[in-house]
Amino acid sequence: MLFERIVSEGLAHYSYIVGDRGSAVVIDPRLDCDVYVEIASRNSMRITDILETHRNEDYVIGSVELSALTGASIWHADPELDYRYGAPARDGQVWMIGSWQIEAISAPGHTLGSMSYVLKDRSGVPHAVFTGDALFAGDVGRVDLLGMDRAEELAGMLYESIFQRILPLGDGVLLCPAHGPGSVCGSAITDRPWTTIGLERLHNPKLRAGSRDEFVKSAAAELERPPYFRRMEELNINGYRLRRRAVPPLSPEEVADALDECVILDTRSEVAYGGAHIPASQFIWMDGLSALAGWYLSYDKPVILVGDEIDRATRILMRMGYDDISGYLGGGMLAWHMSGLESSSVRTVTVQELCRHLDQGGQAWILDVRSDEEVSGERISGAHHIHVTQLPGRMEEVPREKAVYIFCGSGMRSMVAASFLKRHGWRNIAVVLGGLAGWKSVTCPVVRRV
């Protein structure tokens with residue numbers, strides 16, 4: 001039997017391929033879906049069906065693309081939505097995979113029509129359940145996507161789905177969610193690589209609720225909703241095919257000619273970017289790309305990449321619907337400098353330097369772009385807090401006439417914020433390198449929550 005999980009980095013997305021005796025089924029495929037075809041081919045299997053657990057909001061589903069490659073049938077959840085592809089899965093519907101079967105069970109809550117899929121052997125004994133975004137390792141799915149006015153209603157549905165449909169499958173059943181830690185689809189997904197219903201019953205804080213009301217109260221929370229979610233909603237209703245073209249290298253002159261029509265996205269380190277970069281480019285370090293691209297990039301302009309991991313950056317962006325990538329800077333910043341084109345920089349200071357500046361009477365408007373949770377634990381007295389994800393909508397709160405020092409936990413998020421502000425006309429900006437461990441200002445002390 002074939003049973004494999006495919007992990008898509010960045011978005012912390014999990015998809016699965018299950019097969020037996022020549023046929024295979026894929027659950028929640030990603031857009032760059034050659035991996036499923038390769039796995040099936042390697043195991044002498046044909047992908048016959050594609051199952052979706054819900055209409056995804058954080059990545060582009062690859063069902064239409066995979067169906068075009070394999071001829072597989074697509075079965076989607078959320079039948080109340082106006083899908084332009086596939087057919088709705090029905091509660092109790094069964095798909096045969098050799099001597100195994102997969103049964104659909106309705107599990108609303110995260111969305112109104114979410115489905116889970118139970119893998120059973122020939123005797124009908126459940127071995128695994130693919131829960132989508134209903135139940136994760138350490139958490140449950142968010143219920144705020146239809147608005148907080150319906151969050152308690154959806155949390156109640158999710159309670160019924162988990163406690164009456166999923167947990168009764170048995171403690172020994174393998175639990176296979178659609179996301180791991182780092183996903184925006186849950187607030188506290190834990191780093192438990194593989195889990196079971198029994199492990200979640202013991203260790204998932206949300207499942208220790210003593211009553212339905214207690215569960216609803218804990219689950220009905222409002223989480224951040226990246227603006228790119230709206231784009232994902234549209235693409236995942238209409239179905240989406242990849243733009244089949246390679247990302248070509250561009251000469252410095254070609255990049256320079258495209259500055260007005262494209263967004264230059266630089267994924268190098270924050271120190272490298274601060275030292276020299278293409279003017280008006282947006283910095284997002286590679287490992288932060290999936291978390292922040294949806295806040296800082298629009299779908300209105302093509303993207304040109306600068307960095308060392310072009311293929312990796314392309315895949316991450318593509319999974320979020322940013323597949324209009326015109327090319328990348330061939331030869332990197334060395335080629336840009338050798339061409340004689342102008343470059344820009346961002347001033348950097350260490351935390352110790354800023355502390356000395358403040359204690360000697362220097363002026364500084366400190367912008368703290370850490371998360372609410374970080375700031376609630378330790379904050380800098382007198383600093384102005386705007387989370388890095390909120391800056392694009394609140395940039396006018398940052399003064400243009402003062403020296404602005406941008407602070408986070410290390411300098412990477414600060415450089416994201418600095419590059420964005422520079423793109424929009426701010427000039428007197430400095431990024432503070434290092435975190436609170438080195439902060440020793442007397443005039444602006446760190447205030448710790450007791």
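Bear in mind that the values in this text are calculations on the coordinates, not laboratory data. If you're wondering where the values come from, they're calculated on a predicted model, not measured in any experiment. Counting neighbours? That spans all protein chains shown, and the Cβs are built from the backbone with ideal geometry, glycine included.
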**Item:** Shape call, the range 156-214: gyration tensor on alpha carbons, a/c limit 1.5
**Value:** oblate
**Prompt:** Which loop chymotrypsin sites (Phe, Trp or Tyr not before Pro) in the range 150-255, with loop taken from DSSP, have no more than 10 other Cβ atoms within 10 angstrom of their Cβ?
**Reply:** Trp194
**Item:** Debye log10 I(q)/I(0) for the range 249-338, one point scatterer per Cα, at q = 0.11, 0.26 Å⁻¹
**Value:** -0.25, -1.58
**Fill in**
Of the residues Ile366, Ala403, Gly377, the Cα lying farthest along the dipole of the range 360-408 towards its positive end, which is defined by charges on the beta carbon of Lys, Arg, Asp and Glu, belongs to Ala403
**Fill in**
Final fewest-first order of Arg268, Arg225 on the 10 Å Cβ neighbour count is Arg225, Arg268
**Within straight-line cross-link reach of Lys217, lysines at Cα separation under 16 Å, skipping those fewer than 8 residues along the same chain** = Lys206
**Asked** Under a point-charge model restricted to the Cβ atoms of Lys and Arg (+1) and Asp and Glu (-1), what is the dipole moment magnitude of the range 287-378 relative to its Cα centre, in debye to the nearest 20?
**Response** 280 debye
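Could you list the square roots of 5 times each eigenvalue of the Cα gyration tensor of the chain, that is, the equivalent ellipsoid semi-axes, sorted largest first and rounded to whole Å?
They are 43, 28, 17 Å, listed from largest to smallest.
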**Complete:** At the level of C-alpha centres, the distance separating the range 241-275 and the range 226-240, in angstrom, is 24 Å
**Potential lengthening between Glu254 and Tyr299 on full extension [0.36 nm per residue; Cα-Cα distance subtracted]** = 14.1 nm
**Request:** Mind listing the long-range amide H neighbours of Asp368? Cut-off is under 5 Å, sequence gap 5 or more, other chains count too, H placed in the peptide plane at 1.01 Å from N.
**Result:** His384, His385, Ile386, Phe407
**Asked** In terms of the Cα gyration tensor, with a ≥ b ≥ c the square roots of its eigenvalues, is the range 329-450 rounded because a/c is under 1.5, prolate because a/b exceeds b/c, or oblate?
**Response** prolate
**Message:** With unit charges on the beta carbons (Lys and Arg positive, Asp and Glu negative) and the dipole taken about the Cα centre of the range 2-237, which residue among Phe3, Ala87, Met157 sits farthest to the positive side?
**Reply:** Phe3
**Asked** Stokes-Einstein at 20 °C, 1.002 mPa s, Kirkwood radius from Cα pairs: D for the range 1-146 in µm² s⁻¹?
**Response** 140 µm²/s
**Complete:** Out of His387, His179, His110, a Gaussian network model of the chain with alpha-carbon springs under 10 Å gives the largest mean-square fluctuation to His387
**Prompt:** Taking H as built 1.01 Å from N, whose amide H comes closer than 5 Å to the amide H of Leu135, not counting residues under 5 places away?
**Reply:** Gly141
**Message:** I need the phi-derived Karplus couplings for the range 399-409: 6.51 cos²θ - 1.76 cosθ + 1.60, θ = phi - 60°, integer Hz, Gly and Pro marked x.
**Reply:** x, 8, 8, 10, 6, 9, 10, 9, 10, 9, x
**Prompt:** So which trypsin sites (Lys or Arg not before Pro) in the range 36-125 end up in coil per DSSP with only 15 or fewer other C-beta atoms within 10 Å?
**Reply:** Arg84, Arg90, Arg122
**Cβ-derived FRET efficiency at R0 41 Å, Lys217 paired with Lys440, nearest 0.05** = 0.50
**Request:** Neighbouring Cβ atoms within 10 Å as the yardstick, rank Asp139, Asp257 fewest first.
**Result:** Asp257, Asp139
**Asked** What is the set of long-range amide H partners of Ile325 at a cut-off below 5 Å, with H atoms built 1.01 Å from backbone N?
**Response** Val303
**Message:** I need the peptides 168-174, 129-135, 197-203 ranked by packing, meaning the mean over residues of other C-beta atoms within 10 angstrom, with the highest value on top.
**Reply:** 129-135, 197-203, 168-174
**Request:** Take the alpha-carbon centre of the range 52-95, take the same for the range 360-416, and report the distance between them in whole Å.
**Result:** 42 Å
**Request:** Kindly put Val26, Val216, Val369 in sequence by how many other C-beta atoms sit within 10 Å of each C-beta, fewest to most.
**Result:** Val216, Val369, Val26
**Fill in**
Eigenvalues of the alpha-carbon gyration tensor of the range 110-175, times 5 and square-rooted, give semi-axes in Å, largest first, of 25, 10, 10
**Message:** Using only DSSP helix segments of four residues or longer, with each worth -39500 (n - 2.57), what per-residue ellipticity at 222 nm results for the chain after dividing by its residue count and rounding to 500?
**Reply:** -7000 deg cm²/dmol
**Prompt:** Between Arg427 and Glu9, what is the FRET efficiency for a Förster distance of 41 Å, r being their Cβ-Cβ separation, to the nearest 0.05?
**Reply:** 0.70
**Request:** Please give the length that would be gained between Ala188 and Glu152 if that part of the chain were fully extended, namely 0.36 nm times their separation in residues minus their C-alpha to C-alpha distance (nm, one decimal).
**Result:** 11.1 nm
**Prompt:** Are there GluC sites (Glu not before Pro) in the range 302-391 that DSSP marks as loop and that have at most 15 other Cβ atoms within 10 Å, and which are they?
**Reply:** Glu309, Glu342
